[in-house]
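Right, one structure below, let's go through it.
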Amino acid sequence: MHLTSIIPTEPLSHPSLTNFRLEVSVKRLDLVHPEFSGNKFFKLKYNLEKAKSEGKTKILTFGGAFSNHIYATAKAAQTENLQAIGIIRGERTEPLNYTLRSAEESGMQLDFIDRGSYRNKTEPEFLAVLAEKFGDFYLIPEGGTNELAIKGTQEILSHKDSEYTHITTSIGTGGTFSGLFSSLENHQKLLGFSSLKGEFIHGEIADLIKKHHIDGQKLYEIFTNYHFGGYAKHKPELIEFIWWFYENFEIVLDPIYTGKMAYGIWDLIEKNYFPKGSKILMIHTGGRQGNAGFTERTGIKLPTPSM
Ligand SMILES: *Cc1c(COP(=O)(O)O)cnc(C)c1O
């Protein structure tokens, strides 16, 4: 099923956009599915189809304690009547945070392993040990990026989106960025905002594009200066910006991914990065399930959907 036609896109209205003569719209992947949404919906879609067509009854994947991917896999497996196993980095601590609690309540079996063993998550020997423990399963890597995930994220943009000059997304593993890049039109430019500290992501993306035979001739730019200290790190300016965005547009952002991207876009707008007349499409990749856990962990309040 092509869901792209029913993803709402909302234009933002703000005096500074008028001043800079820019249009900004938000493609709300966060509203795609009531249970599991965001880019993870697209990344999981064909993986679940494949698992079922291979007759598998179990999905196994990896993640940290606040992982959107773990949360989405648990919800997706439940929806598809598949059993889910989540191999979680670190020790089990009670009470479980919001992400893990929800995953477990959705039927995911959580298995906690120490950080040292977790590093072996792609080693065949380690996967064989897991197969002995859990039986036959369909494996989805940490973060969910594989060939079928990229195939799914190629469906985020639709023909109607060709009116935009710039498409923007947040970046974790780069899977979503690669899928978007392959469906980009020649007159468009893709901007990616890395949530992780470091320049390694340039190489990772180049590798993904090459490995998946994506035409590399189109324009893209990756920003590595909006990570706010690194993955899952935050600063007061970021939290203030997330509240400012919510108060102006009634759209909830998360501090791990979408908040950093939107902050970056606003900063670039103010620095005159975008030529006048640009039409920018921000992809809201979801992630707001993490906001409850973030508040539990830090005590910092964030907008929540029910507000
Ligand atoms: C997982 C996630 C990302 C990163 O996606 P990648 O395909 O790993 O780059 C971005 N935004 C949100 C909200 C996510 O949950």
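The values are calculated or read from the model by the stated rules, or taken from the named source; none is laboratory data. Treat the numbers as computed from the prediction; the structure is a model and nothing was measured. Positions of Cβ are generated from backbone atoms using ideal geometry, with glycine treated the same way; all protein chains shown enter the neighbour counts. These area figures cover heavy atoms from the full protein model, side chains too; ligands, DNA and RNA do not enter into them. Shrake-Rupley method; radii C 1.70, N 1.55, O 1.52, S 1.80 Å.
Every residue, every condition in (1) of a type in the set (Asp, Glu); (2) within 15 Å of the chain's Cα centre (by Cα); (3) not in a loop (DSSP other than H, G, I, E, B), yes or no:
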{"residue": "Ala65", "(1), (2), (3)": "no, no, no"}
{"residue": "Asn81", "(1), (2), (3)": "no, no, no"}
{"residue": "Ile87", "(1), (2), (3)": "no, no, yes"}
{"residue": "Lys121", "(1), (2), (3)": "no, no, no"}
{"residue": "Ala128", "(1), (2), (3)": "no, no, yes"}
{"residue": "Gly143", "(1), (2), (3)": "no, yes, yes"}
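Using the structure shown, decide if Met282 is open to solvent by less than 30 Å² (accessible area, probe 1.4 Å) and either assigned to a strand (DSSP E or B) or in contact with an Asp or Glu (Cβ under 7 Å, 6 or more places away or on another chain) (or both).
Working: open to solvent by less than 30 Å² (accessible area, probe 1.4 Å): yes; either assigned to a strand (DSSP E or B) or in contact with an Asp or Glu (Cβ under 7 Å, 6 or more places away or on another chain) (or both): yes.
Criteria met by Met282.
Among the conditions (1) in contact (Cβ under 8 Å) with a residue 60 or more places away in the chain; (2) out of contact with any Gly (no Cβ under 7 Å at 6 or more places or on another chain), the only one that Glu240 does not satisfy is (1).
Checking each residue in the range 168-177 for being hydroxyl-bearing (Ser, Thr, Tyr) and within 8 Å of the ligand (Cβ to nearest atom) picks out Thr169, Ser170, Thr173, Thr176. Is it the case that some residue within the range 123-146 is within 16 Å of the ligand (Cβ to nearest atom), modelled with pLDDT of 95 or more and among the basic types (Lys, Arg)? Looking for residues that are within 16 Å of the ligand (Cβ to nearest atom), modelled with pLDDT of 95 or more and among the basic types (Lys, Arg), one finds none in the range 123-146, hence no.
For (1) surrounded by fewer than 17 Cβ atoms within 10 Å (Cβ to Cβ); (2) assigned to a helix (DSSP H, G or I); (3) at positive phi, each residue gets a yes or a no:
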{"residue": "His234", "(1), (2), (3)": "no, no, no"}
{"residue": "Glu247", "(1), (2), (3)": "yes, yes, no"}
{"residue": "Leu253", "(1), (2), (3)": "no, no, no"}
{"residue": "Gly286", "(1), (2), (3)": "no, no, yes"}
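Is it true that some residue in the range 168-175 is part of a helix (DSSP H, G or I) and under 30 Å from Gln109 (Cα atoms)? Yes, the conditions are met somewhere in the range 168-175.
Please determine, by comparing only the residues of the range 26-61 that are out of contact with any helix residue (DSSP H, G or I) (no Cβ under 9 Å at 6 or more places or on another chain) and closer than 20 Å to Leu157 by Cβ, which one is least open to solvent (accessible area, probe 1.4 Å). Filtering first and then ranking leaves Arg28. Scanning the range 222-232 for residues that are modelled with pLDDT of 95 or more and open to solvent by 60 Å² or more (accessible area, probe 1.4 Å) returns a single hit, Asn225.
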